[in-house]
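Asks: My structure is below; once you've seen it, I'll send some questions.
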Ligand code: GUN
């Protein structure tokens, strides 16, 4: 068997087109332009790349994009003052503080200072609680993207066995909540899980989000299962004569693709969906803030 490759780039382009349509309607019918503010503290090169591509994608969707680049030694007081200003700015519907923050800043405190209605990352404790209790919330972008791809592939997820490998607050835990919300039987596996291969072999859906290169081999995968690989790991590829480094997921793609029914590649799988879902969350937040209909298919 050879798995269907779930093309995240193509899927993300579809989501972004839907977002753009909704933005056009908000602008033309209501005179409202959704606005996203991204806050970056310091000069971490990877964060700078992310922030730039978020800004570009926001513009391309027809939304207002604002970037706040703060000095690495910005005080907590000044950062909180900026968040307060953005919370009270009616032209801003989404606020994202790029993580990680410099060590002297308390991430929890900063994230929880964002108005939950503008928390397009879905990291605020209120949104975590709302998601956990099955209420309307802002949903973290990466798990939302995974859910969209799973719904598109399966139609209904009801009754399927889902194993999420990884228990992070950003991916593993919200992913498990979303799958439970779609009536999957959910297991969260992690580094202490006993007989992990056997646990994964029971899954109709595997979501790998551990951050360990090619950790899940094909012989852990149930034939025909759907495999969503959230990992992005840069490995040394010298020995294989493939140049200096290459990007791989948490799943060993070559062996898993022989067994799975469908699989996301790395790169070009979950990655492009994360920014698409950030745009989706911004347009959702804007619609809710104005008491308007939410974009269909772009929320959990
Ligand atoms: N840094 C890496 N990924 C993310 C993300 O999804 N949101 C934020 N705010 N920071 C990040």
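The values are calculated or read from the model by the stated rules, or taken from the named source; none is laboratory data. Just so it is clear, the model here is predicted, and its values are computed rather than measured. Neighbour counts run over all protein chains shown; Cβ positions are idealised from the backbone, glycine included.
Asks: Being buried (at least 16 other Cβ atoms within 10 Å of the Cβ), more than 17 Å from residue 285 (Cβ to Cβ), modelled with pLDDT of 95 or more and within 13 Å of the ligand (Cβ to nearest atom) is the requirement here; does residue 49 meet it? Before you say what the answer is, go through the steps one by one.
Replies: Numbers: buried (at least 16 other Cβ atoms within 10 Å of the Cβ): no; more than 17 Å from residue 285 (Cβ to Cβ): yes; modelled with pLDDT of 95 or more: yes; within 13 Å of the ligand (Cβ to nearest atom): yes.
Here the answer is no, as residue 49 does not meet what is asked.
Asks: When segment 42-83 is examined, which residues are found to be closer than 23 Å to residue 13 by Cα, assigned to a helix (DSSP H, G or I) and in contact with a helix residue (DSSP H, G or I) (Cβ under 8 Å, 6 or more places away or on another chain)?
Replies: Passing the criteria: 53, 54, 57, 58, 60.
Asks: Among the candidates 201, 192, 212, which residue alone is in contact (Cβ under 8 Å) with a residue 12 or more places away in the chain, farther than 19 Å from residue 259 by Cβ and surrounded by fewer than 20 Cβ atoms within 10 Å (Cβ to Cβ)? Explain how you work it out, then say what you get.
Replies: Details: 201 fails: farther than 19 Å from residue 259 by Cβ; 192 fails: in contact (Cβ under 8 Å) with a residue 12 or more places away in the chain.
From the options 201, 192, 212, the qualifying one is 212.
Asks: Could you say which residue among 22, 59 is in contact (Cβ under 8 Å) with a residue 40 or more places away in the chain and either away from the ligand (no atom under 16 Å from the Cβ) or farther than 23 Å from residue 170 by Cβ (or both)? Let's see the steps before the verdict.
Replies: On the way: 59 fails: in contact (Cβ under 8 Å) with a residue 40 or more places away in the chain.
After ruling out the rest, the residue left standing is 22.
Asks: So, in segment 86-105, of the ones that are farther than 21 Å from residue 284 by Cα and away from the ligand (no atom under 15 Å from the Cβ), which residue ends up surrounded by the most Cβ atoms within 10 Å (Cβ to Cβ)? Even if it seems obvious, please write down each step before you answer.
Replies: The initial filter retains those residues of segment 86-105 that are farther than 21 Å from residue 284 by Cα, namely 99-105.
Among the residues that remain, those that are also away from the ligand (no atom under 15 Å from the Cβ) are: 103-104.
Working: 103: 7, 104: 11.
Only one residue tops the list, namely 104.
Asks: Hey, can you tell me all the residues within segment 113-136 that are away from the ligand (no atom under 13 Å from the Cβ), within 17 Å of residue 174 (Cα to Cα) and part of a loop (DSSP other than H, G, I, E, B)?
Replies: Within segment 113-136, 133, 134, 135, 136 meet the criteria.
Asks: Additional query: So, in segment 28-46, exactly how many residues are surrounded by fewer than 17 Cβ atoms within 10 Å (Cβ to Cβ) and out of contact with any strand residue (DSSP E or B) (no Cβ under 7 Å at 6 or more places or on another chain)?
Replies: Of the residues in segment 28-46, 7 are surrounded by fewer than 17 Cβ atoms within 10 Å (Cβ to Cβ) and out of contact with any strand residue (DSSP E or B) (no Cβ under 7 Å at 6 or more places or on another chain).
Asks: How many of the residues in segment 161-189 are in contact with a strand residue (DSSP E or B) (Cβ under 6 Å, 6 or more places away or on another chain), touching a residue at least 12 places away in the same chain (Cβ under 8 Å) and in a helix (DSSP H, G or I)? So that I can check it myself, show each step before the final result.
Replies: Initial filter on segment 161-189 (in contact with a strand residue (DSSP E or B) (Cβ under 6 Å, 6 or more places away or on another chain)): 161-165, 167, 172, 175-176, 179-180, 184-189.
Keeping just the survivors that are touching a residue at least 12 places away in the same chain (Cβ under 8 Å) gives 161-165, 167, 172, 175-176, 179, 184-189.
Then drop every residue that is not in a helix (DSSP H, G or I), which leaves 172, 175-176, 179.
Residues in segment 161-189 being in contact with a strand residue (DSSP E or B) (Cβ under 6 Å, 6 or more places away or on another chain), touching a residue at least 12 places away in the same chain (Cβ under 8 Å) and in a helix (DSSP H, G or I): 4 in total.
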